[in-house]
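Asks: My questions all concern the structure below.
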Amino acid sequence: MAPQLTGAPGLAAAAGGAAAVKPQFHHFHHHRLAARHHHNPSPTSLLSKLAFWSVCSLSLLVAFLLLSPSAAPTPRAAPDSPRRSLHTSPSTATWGGTAWEKKVRASARVRRANGRGLSVLVTGAAGFVGCHAAAALRRRGDGVLGLDNFNDYYDPALKRGRAALLARSGVYVVDGDIADAELLDKLFDVVPFTHVLHLAAQAGVRHALVDPMSYVRANVAGLVTLLEAARVADPQPAIVWASSSSVYGLNSHVPFSEHDRTDRPASLYAATKKAGEEIAHVYNHIYGLSLTALRFFTVYGPWGRPDMAYFFFTRDILAGRPITVYESAGGGTHQTTISRDFTYIDDIVKGCVGALDTAGRSTGSGGKKRGPAPFRTYNLGNTSPVPVTQLVDLLEKLLKVKAVRRVVKMPRNGDVPYTHANISLAQRELGYRPSTDLQTGLKKFVRWYLEYYMPGLADKQKQHGSSNSKVSRDRNGSSNSAG
């Protein structure tokens, strides 16, 4: 059964977002310079050499500065802003030691009666999809250990709140980074994980215009660090990981199929996810890792991400602030609103669990491939695109507040005008069948949002709803008695 993580008002001060990572290494290609034998070098030759090595030194310095985490304090955004810096949140957490290892083993221990469950490392476990997936796996008795760096891309309090919910069900979330190779090696040494659900990433299309290196650190370097740890683990785990529907980029063939071209990304985020798919293929081919990529389509629901439109539309509508609705240029002067294949979180979690259950084993041993291993890619969407204007209509109805709309032409910020998933492959091989329409899903999200952020308003709406139900029952009762 899919997770139902509901928010209690008392947790409104707790919580987190998508995990970002820091690089542990950078590769430089060294080229040998041919030896030159000049007994009497000319001044021009000496100046040329000096200029050459000056440029090399400057390039190395720039690369070092770009790839190194800043030592300066990171400015924090206003409390209601979803866009924050991407450096790891300050933490005094340490790992290692007997007590720590005991907590790790206890969390990862399978609790099914028959002992045949999975032992899963969930990266990004305090993120939106991660916390729901970890909760669902724990409920059915699987062993689950979380890993998250609690960064401040958006309010870390939300992520801490998710981790608190997981802790109540016995899931321990290790405070650490997926780019920490030593930590990952230790986790695989302490627990013989059967599976990894890799959801840690730097999410969001538009923020790449502000901090592009964070996407390279998390989505490329972080993935490689994880794959390196997994390939030498004994046993090798099967890995299911989050790619994105963004990889379809400028593809115009709809609905998007796994067989469509994905070589024209429209954003850096999409390019890093596409790079991840290619890197995964290498580790499957060389090392025998079982790898499954899941292309998520616009996930929404309770405990969601504040940088998503449905979330900040809700916040701004309630605050009386204008919301910006983009429209895309069609043929000639015709304008069309942006449409998204909104997919409810419970349906996405079902797809994740189905992918884990059907993953198939990795075939490597001692870091060497012993035979072919599964390599799969699936779309996980709702296959029912909805215009963003209709999303706003539904929010107005649920919030009982009229939105102040600003309709503008979509800028070149990496967004695409339309997404639509072909899910026939996931239906056939994973048993994936989404069942939540947008109105039903948004109703659940709004209920959570009000309980978490505005408990007073939530209580008033509940009371109003109860009195309306009583009036309706009274009317029905009078009518039945008269009849």
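The values are calculated or read from the model by the stated rules, or taken from the named source; none is laboratory data. Since the structure is predicted, the reported quantities are computational estimates derived from the model, not experimental observations. So basically every Cβ, Gly included, is an ideal-geometry build from the backbone, and we count neighbours across all protein chains shown. Heavy atoms of the whole protein, side chains included, go into the accessibility calculation; ligands, DNA and RNA do not. Shrake-Rupley method; radii C 1.70, N 1.55, O 1.52, S 1.80 Å.
Asks: Of all accessible surface on segment 157-247 at a 1.4 Å probe, what whole percent is carbon and sulfur?
Replies: Whole-percent figure for carbon plus sulfur exposure: 56.
Asks: To the nearest 0.05, what FRET efficiency results for ALA319 and LYS397 with a Förster distance of 25 Å applied to their C-beta separation?
Replies: 0.90
Asks: With θ taken as phi - 60° and the coefficients 6.51, -1.76 and 1.60, list the Karplus ³J(HN,Hα) couplings across segment 171-187 in order, rounded to whole Hz; mark glycine and proline as x.
Replies: Along segment 171-187, the couplings run 9, 8, 9, 6, 8, x, 10, 5, 8, 8, 4, 5, 5, 4, 4, 5, 4 Hz.
Asks: Under a crude label model (7 Å from the Cα following the beta-carbon direction), how far is LYS443 from ARG428 in nanometres?
Replies: If labels sit at LYS443 and ARG428, their model points lie 3.5 nm apart.
Asks: I'd like to check one number: the per residue accessible area of segment 264-370, probe 1.4 Å, reported in Å² as a whole number.
Replies: Here the residues of segment 264-370 average 35 Å² of exposed surface.
Asks: Counting Lys +1, Arg +1, Asp -1, Glu -1, what net charge surrounds ASP357 among other residues with beta carbon under 14 Å of its beta carbon?
Replies: Local charge sum for ASP357: +4.
Asks: In segment 252-356, which trypsin sites (Lys or Arg not before Pro) are in a loop and have at most 16 other Cβ atoms within 10 Å, using DSSP for the loop call?
Replies: Filter output for segment 252-356: ARG261.
Asks: Still on this model: Can you work out ³J(HN,Hα) from phi for every residue in segment 207-223, in order, using Karplus 6.51 cos²θ - 1.76 cosθ + 1.60 and θ = phi - 60°, giving whole Hz and x for Gly and Pro?
Replies: For segment 207-223, the Karplus-derived couplings read 5, 4, 6, 9, 9, x, 5, 5, 6, 5, 4, 7, 8, 10, 4, x, 5 Hz, x marking Gly and Pro.
Asks: Please give the solvent-accessible surface of THR389 in Å², to the nearest 10, using a probe radius of 1.4 Å with every protein chain present.
Replies: Accessible area of THR389: about 40 Å².
Asks: At 1.4 Å probe size, what's the solvent-accessible area of HIS207? Round to the nearest 10 Å².
Replies: Surface open to solvent at HIS207 totals about 20 Å².
Asks: I've got another one for you. Using a 1.4 angstrom probe and counting only protein chains, how large is the accessible area of TYR453 in Å², to 10?
Replies: Solvent-accessible area, nearest 10 Å²: 90 Å².
Asks: Skipping prolines and chain starts, which residues have an amide H placed within reach, meaning under 5 Å, of the one on THR343, given they are 5 or more residues away or on another chain?
Replies: VAL299, TYR300
Asks: Here's something else I'd like to know. Please give the Cα centre distance for segment 336-351 versus segment 219-245, rounded to the nearest Å.
Replies: Cα centroid to Cα centroid, the span is 25 Å.
Asks: Cα to Cα, under 28 Å, and not fewer than 8 places away if on the same chain: which lysines meet these conditions relative to LYS402?
Replies: Result set, ordered by chain and number: LYS443, LYS444, LYS460, LYS462, LYS470.
Asks: Counting only protein heavy atoms, what percent of the accessible surface of segment 290-418 is carbon or sulfur at a 1.4 Å probe?
Replies: Of all accessible area on segment 290-418, carbon and sulfur atoms account for 53 percent.
Asks: Using the Karplus curve 6.51 cos²θ - 1.76 cosθ + 1.60 with θ = phi - 60°, what ³J(HN,Hα) values do you get for each residue of segment 419-431, in whole Hz, with x for Gly and Pro?
Replies: Here the 3J(HN,Hα) series is 9, 7, 8, 8, 10, 4, 5, 5, 4, 6, 9, 10, x Hz.
Asks: A follow-up question, please. How far is it, in nm, from the label point at MET454 to the one at VAL210 when both lie 7 Å from their Cα along the line to the Cβ?
Replies: 2.4
Asks: Taking Rh as the Kirkwood radius computed over C-alpha pairs, what is the Stokes-Einstein D of segment 131-241 at 25 °C in a medium of viscosity 0.890 mPa s, expressed in µm² per second?
Replies: 164
Asks: What is the sum of charges around ARG370, taking Lys and Arg as +1, Asp and Glu as -1, for the other residues whose C-beta is under 15 Å from the C-beta of ARG370?
Replies: +3
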